[in-house]
Every structure is written in structure tokens, then in C-alpha cells.
1. Quick one: dipole size for the chain, taken about the Cα centre, charges +1 on Lys/Arg Cβ and -1 on Asp/Glu Cβ, in debye to the nearest 20.
2. Lysine pairs in the chain with alpha-carbon atoms under 21 Å apart, 8 or more places apart or on different chains: how many are there?
3. Among SER70, SER62, SER17, determine the one that fluctuates most according to a GNM of the chain built with springs between C-alpha atoms less than 10 Å apart.
4. With a probe of 1.4 Å, find how much accessible area the chain has per residue, and write the answer as a whole number in Å².
5. Rounded to whole Å and sorted largest first, list the principal axis extents of the Cα atoms in the range 68-115.
6. Going from the alpha-carbon gyration tensor of the chain, what semi-axes, largest first and in whole Å, does one get by taking the root of 5 times each eigenvalue?
7. I'd like the Karplus ³J(HN,Hα) series for the range 94-103: coefficients 6.51, -1.76, 1.60, θ = phi - 60°, whole numbers in Hz, and an x wherever there's a Gly or Pro.
8. Given contacts defined as C-alpha pairs under 8 Å and at least six residues apart, what's the relative contact order of the chain, whole-number percent?
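The values are calculated or read from the model by the stated rules, or taken from the named source; none is laboratory data. Every value quoted in this text rests on a predicted model; they were computed, and no experiment measured them. Counting neighbours? That spans all protein chains shown, and the Cβs are built from the backbone with ideal geometry, glycine included. Areas reflect the complete protein model, heavy atoms only, side chains present, ligands, DNA and RNA absent. Shrake-Rupley method; radii C 1.70, N 1.55, O 1.52, S 1.80 Å.
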Amino acid sequence: QVQLVESGGGLVQPGGSLRLSCAASINLFRLYTMGWYRQAPGKQRELVAVVNSGGSTNYQESVKGRSAISRDNAKNTVYLQMDSLKPEDTAVYYCNAKLNTIEYWGQGTQVTVSS
């Protein structure tokens, strides 16, 4: 059974950092495009960052320069390093795996940025 398990969320002060991890139990993980999405209360889920099978990355404009997505294919894990966090980064962060028409989601991890 495919599972995406996120970890690393929590409460952090503005300007702080977090590193989210997503461990994926997926065959051929290396072929998947892996992404992080987030959903704030009352808002639609939005893309934060993605990394494809070749290692190319894309970021939402609001997190560029202060976030880094990476993957470790040996560990079937994708990471999201977030620095200089702002209150508007508060959301549930979801891990996503996509390969052609196949798509999986994790359960999400809460990130709260507040003093």
C-alpha cells in the first residue's frame, strides 16, 4: 500500500526555519515528480515546490529564495527546507507524488508561524 508520511511541522516564530520530510513507500520513487503543497484555512490548496525525476525544481513565487526542495532517492524521501518563515506560511503542508496519471497524497503536517 502506497503511503506518503510527512513530518517536521510545528510551531515556529516568524523568521525561523523548518525542515519538512516526506517518506514515500512507492516503487520506482525515483521516477516520480515529488511536490509540496499547502492549504491555509479558508483557502485552496496551492503548490509550494516541486522536484522532478531529473532534479529540476520549481517554486511558488512567494517562497522563492527562502525555500529549498530536495530528494533522496536512496531513502525514498523528499524534503522541504523553509527559512525566514512568515505568518502567511501558516498552513497544512501536503506531500504529493505524481507519475503520469498516478498521483498520491500524504495526510499533511501543520506548520504554524506565530510569535
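1. Its charge dipole is roughly 120 debye.
2. Details: LYS43/LYS64; LYS43/LYS86; LYS64/LYS86; LYS75/LYS98.
Step by step, the pairs that qualify in the chain add up to 4.
3. Comparing SER70, SER62, SER17 in the GNM, the peak value goes to SER62.
4. On the way: 6250 Å² over 115 residues.
Averaged over the residues of the chain, the accessible area is 54 Å².
5. 40, 21, 15
6. Ellipsoid semi-axes (Å, largest first): 23, 14, 13.
7. So the J values, rounded to whole Hz, are 10, 8, 9, 10, 9, 8, 6, 8, 8, 8.
8. Values: 275 pairs, mean separation 41.9, N = 115.
Relative contact order comes out at 36 percent.
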